[in-house]
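This report concerns only the one structure given below.
The values are calculated or read from the model by the stated rules, or taken from the named source; none is laboratory data. Just so it is clear, the model here is predicted, and its values are computed rather than measured. With ideal geometry, Cβ positions are generated from the backbone for all residues, glycine too; neighbour counts draw on all protein chains shown.
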Amino acid sequence: MQNQESEQVVRHPFGKFTYLLCSILTLLVGTAFMGSSRVSVMLFCLLFSTVLLTAVVSVCHRHKTLGIGLTLVVLMLILNVSSFLTRSYSLTVLHNSLVIIFLAFVFYHILSAVFHDDRVTLDTIIGTVSLYLLAGLLWSYLYSTILLVDPAAFRYDLVNAASEAVTLRNSDLQPLIYLSFVTMATLGYGDIVPVSGPAQTACYLQAVFGQFYFAILVSRLVAMYISAATHKNQQHAQGS
């Protein structure tokens, strides 16, 4: 019996959210070194597709949800390639909207899995971190969509090496990802400033979300860990 349990541990050394977290971190780190060339865009699409596929595998355990997840991924990939080749405004808006819906779909399923855990495990912690990073990506695409509708929605106070002002575009996902996580962490550096009403609303909603995320979810994990540790100590005391 012990040999079977040890074999099972070896076969499943990682939790169900580990590969998702690794793919998200690879995307975020890789984006920092990408430019605006076609090769960089293709590399970003490849890394983001990896995130989408690992997200489907991580959260979709039933046949129905797996089919929905895979359908959304295929549609997003088709729209991404089509909008990249045709430079179509409507296809880009549709692609971004579908990405936001998909990330919300994945977020809901991971959140349900985390809340249904009756004890804190490494997989629970990894799922909680993945949730936070997915929320940052979700708002990045929301900001990109806002820029598509209103190119002057954000003011980008940045000057390049040639002393020229840099304009923030919806295709510049690296600054938008940066804006997303800076806003969610309520750092407020002020180099990218929301100007329009929708942009300001999206920013303060993300800031509120970031505060409530740590106040509710992380505090719940701490309470679960303390409760489990207390219960274990009580059992140990009764046994001795």
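If I filter the stretch 178-203 down to residues being in a helix (DSSP H, G or I) and loosely packed, with under 13 Cβ neighbours inside 10 Å, which single residue comes out as modelled with the highest pLDDT?
T201
Take the residues in the stretch 101-126 that are aromatic (F, W, Y) and at pLDDT 80 or above; name whichever of them is surrounded by the most Cβ atoms within 10 Å (Cβ to Cβ).
If we take residues in the stretch 101-126 being aromatic (F, W, Y) and at pLDDT 80 or above, then F102 is surrounded by the most Cβ atoms within 10 Å (Cβ to Cβ).
Mind checking whether some residue in the stretch 51-64 is among the basic types (K, R), under 25 Å from Y132 (Cα atoms) and without any contact (Cβ under 8 Å) to a residue 60 or more places away in the chain? It would help to see each step written out before you state the result.
Residues of the stretch 51-64 among the basic types (K, R): 62, 64.
Subsequent filtering for residues that are under 25 Å from Y132 (Cα atoms) retains 62.
After this cut, where a residue has to be without any contact (Cβ under 8 Å) to a residue 60 or more places away in the chain as well, the list is 62.
Within the stretch 51-64, one or more residues are among the basic types (K, R), under 25 Å from Y132 (Cα atoms) and without any contact (Cβ under 8 Å) to a residue 60 or more places away in the chain.
Exactly one condition in (1) in a helix (DSSP H, G or I); (2) among the polar types (S, T, N, Q); (3) at pLDDT below 90 is not met by S163; state its number.
(1)
Testing A135 on (1) at pLDDT 80 or above; (2) surrounded by fewer than 17 Cβ atoms within 10 Å (Cβ to Cβ), one condition comes back false. Which one is that?
(2)
Are there any pairs, at least 6 apart or on different chains, whose C-beta atoms fall under 8 Å, with the first in the stretch 89-117 and more than 22 Å from I146 (Cβ to Cβ) and the second at pLDDT 90 or above and among the hydroxyl-bearing types (S, T, Y), and if so, which?
From residues that are more than 22 Å from I146 (Cβ to Cβ), the pairs are I110/S130.
Given the condition under 18 Å from the mean Cα position of the chain (by Cα), closer than 20 Å to Y213 by Cα and surrounded by 15 or more Cβ atoms within 10 Å (Cβ to Cβ), answer yes or no: does some residue in the stretch 81-100 qualify?
yes
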